[in-house]
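Below you'll find the structure, written out as structure tokens, and then a few comments.
The values are calculated or read from the model by the stated rules, or taken from the named source; none is laboratory data. What you see is a predicted model, and the numbers here were worked out from it, not measured in a lab. Cβ placement follows ideal geometry from the backbone for every residue including glycine, while neighbour counts extend to all protein chains displayed. Remember, those area values only see protein heavy atoms, side chains included, never the ligands or the DNA or RNA. Shrake-Rupley method; radii C 1.70, N 1.55, O 1.52, S 1.80 Å.
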Amino acid sequence: MSTHSQALEQADPKRWKALALLCTAFFLTIMDTTIMQVALPAIKEGLGYTQVSLQWVMNAYIIFFGGLLLLGGKLSDLFGQRRLFMWGFSILTLASLLAGLAWNDSVLNVARALQGAGSALITPAAMSIVMILFTANPKEMNKALAFWGLAGAAGGLAGVFLGGIITEWLGWRWTFLIYVPIGILVLVLSTGLLQKGILRKGSIDYAGAISITAAIVLFVFGIVTAEHNGWSSPSTVWTLIMGALLFIIFIFIQAKKKEPLLPLRIFKIPNLAAGNIALIMLNGMWIPFNYFIMLYLQQVLKFSPFEAGVALIPAPILIAITMIFITGKLVEKFGLKAVLFIGFLALGCSMLLLSFDTPANGNYLDNVLLALLLASLGRALAYIPAQKAAISGAKPEESGLVSGVYNTTSQIGSAISLAIMVVIAAATTASSTAGDPVVTLNEGFQQAFFWSGMVAFAGAVLALLFIRSSKQGESNRAK
């Protein structure tokens, strides 16, 4: 019997404690994308960002998180999941210290990029360990994935709430500094709770990692600067062309290389390609929603950071209840397709509510709460079926790779969509004829909500056309 088989058959007695640590780590990495959202206005004032450049506080993290996830997944398979997990947390902890001490916007952007790089090592390694721990027991795997999905979804919105409290009482710098003691604690616990993992022999596709990361950076940078330079300006056109060329080079490298960063063959697995596209669309509207709802609450409704954080408390509560007690049962009864479709539909409707019913003189109860609850319900319904589709059919020895792929697609969707929505909002505000600056700013936010809704409705169409139900997928694999 192989070492690999033994690892699968012998359940780790510490697996649930290990899962708690891993879910905490995933919670923290996702929270890192949102915890400073409440602090964005304070960061803008403190470090001199413009309304458009402020998005780099988000996108510097997202770009390097998404761009390096494939490499992180490969490295976790080659060097061991626990080792990469701990390397990642070491980088995240040190980068958080730098972010908290940042003395200008450039330093903060660099620190955020380093935080993203650390998270790119943490997330695929952690997901890979989860798959290794529970792959022998499908029921335990479903339960583990539910907790994993909950940790990510809750981290996104809990970060906004905690960010409000921290910004209000301690200042925006502590939205980063809080990770230093937490990171040290996670590192201390890791050696006792986590196994070293399963190692594979192979080489590292550095050319692939560099080309895909550079392509994402150029795409986002070209979109962001287009609002200032113009879409037809040579700088914008050539930046986007170079991004496209580097992406084509990445695909060529993956097709020709013996040990590619992303073996293209995995997309032949039923549901995997459609599941990853669904995740792109899901995060492609969810991150802009978080970004703009916080700006609307603070810059239009004039909430304080603490009040804005408290206003979002119903969201993580509803997400938690739905994902723990409802989503899994609905997937078992109705299949991936139906639940994913309903989730996207709810998200689209919530964004339309925000685009048409968030006036500059609005209020939380009448204009925000219903849409917030509907969006949270849609997110909770859509995330687990999209995730299951994206990792369906994966072999345990490729767990790091598949985890890297689905996390990469999620973050790429986030970065590019947020850049596009920020440009749409800025262009709408700039062309507004309203005399009140708050009204013009709000018109931009409403357009961002509208197009985020269109992304969600496109996801619903994708689910209907390309996602196979669980039973369909299983029967096809059996053939």
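Among the residues in region 390-398, are any in a helix (DSSP H, G or I), open to solvent by less than 20 Å² (accessible area, probe 1.4 Å) and at pLDDT 90 or above?
No, the conditions are met nowhere in region 390-398.
Quick one: which residue in L354, L330 is at pLDDT 90 or above and under 22 Å from F449 (Cβ atoms)?
On inspection, the qualifying residue turns out to be L354.
Give the residue, chosen from F289, F306, that is touching a helix residue (DSSP H, G or I) at 6+ places or on another chain (Cβ under 9 Å) and either at pLDDT below 85 or hydroxyl-bearing (S, T, Y) (or both).
Checking each option against the conditions leaves just F306.
Has region 44-62 got at least one residue that is modelled with pLDDT under 80 and charged (D, E, K, R)?
Within region 44-62 (the criterion being modelled with pLDDT under 80 and charged (D, E, K, R)), the answer is no, since none of the residues qualifies.
Cβ-Cβ below 7 Å, separation at least six or inter-chain, first residue in region 71-98 and among the small types (G, A, S), second modelled with pLDDT under 80 and open to solvent by 50 Å² or more (accessible area, probe 1.4 Å): which pairs?
G80/K196; G80/L199
Residues of region 229-238 being surrounded by 15 or more Cβ atoms within 10 Å (Cβ to Cβ) and modelled with pLDDT under 90, which ones?
Once the filter is applied, which keeps residues that are surrounded by 15 or more Cβ atoms within 10 Å (Cβ to Cβ) and modelled with pLDDT under 90, region 229-238 yields N229, T236.
With the structure loaded, tell me whether Q195 is in contact (Cβ under 8 Å) with a residue 24 or more places away in the chain, farther than 22 Å from Q115 by Cα and either part of a loop (DSSP other than H, G, I, E, B) or open to solvent by 60 Å² or more (accessible area, probe 1.4 Å) (or both) or whether it fails that test.
When the stated conditions are applied, Q195 passes them.
Only one of (1) touching an Asp or Glu at 6+ places or on another chain (Cβ under 8 Å); (2) closer than 23 Å to I212 by Cα is not met by V52, so which one is it?
(2)
Restricting to region 31-42, give me the number of residues that are crowded, with 23+ Cβ neighbours inside 10 Å and either assigned to a helix (DSSP H, G or I) or charged (D, E, K, R) (or both).
Matching residues across region 31-42 total 3.
How many residues are more than 19 Å from A382 (Cβ to Cβ), in contact (Cβ under 8 Å) with a residue 12 or more places away in the chain and in a helix (DSSP H, G or I) when one looks only at region 316-366?
The qualifying residues number 3.
Looking at L68, is it modelled with pLDDT under 80, hydrophobic (A, V, I, L, M, F, W, C), under 26 Å from L185 (Cα atoms) and open to solvent by 10 Å² or more (accessible area, probe 1.4 Å)?
yes
Return the only residue of T213, T225 being polar (S, T, N, Q), without any contact (Cβ under 8 Å) to a residue 40 or more places away in the chain and in a helix (DSSP H, G or I).
Just one listed residue meets the conditions, T225.
Yes or no: L374 modelled with pLDDT of 95 or more, more than 21 Å from G275 (Cβ to Cβ) and either buried (at least 24 other Cβ atoms within 10 Å of the Cβ) or not β-branched (V, I, T) (or both)?
Criteria met by L374.
Of everything in region 288-337 that's closer than 23 Å to E443 by Cβ and among the polar types (S, T, N, Q), which residue is least open to solvent (accessible area, probe 1.4 Å)?
Ranking the qualifying residues of region 288-337, first place goes to N290.
Give me the residue from region 71-95 that is open to solvent by 10 Å² or more (accessible area, probe 1.4 Å) and farther than 19 Å from T24 by Cα and, out of that set, modelled with the lowest pLDDT.
K74
Which count do you get for residues in region 241-268 that are within 25 Å of A382 (Cα to Cα) and open to solvent by less than 40 Å² (accessible area, probe 1.4 Å)?
1
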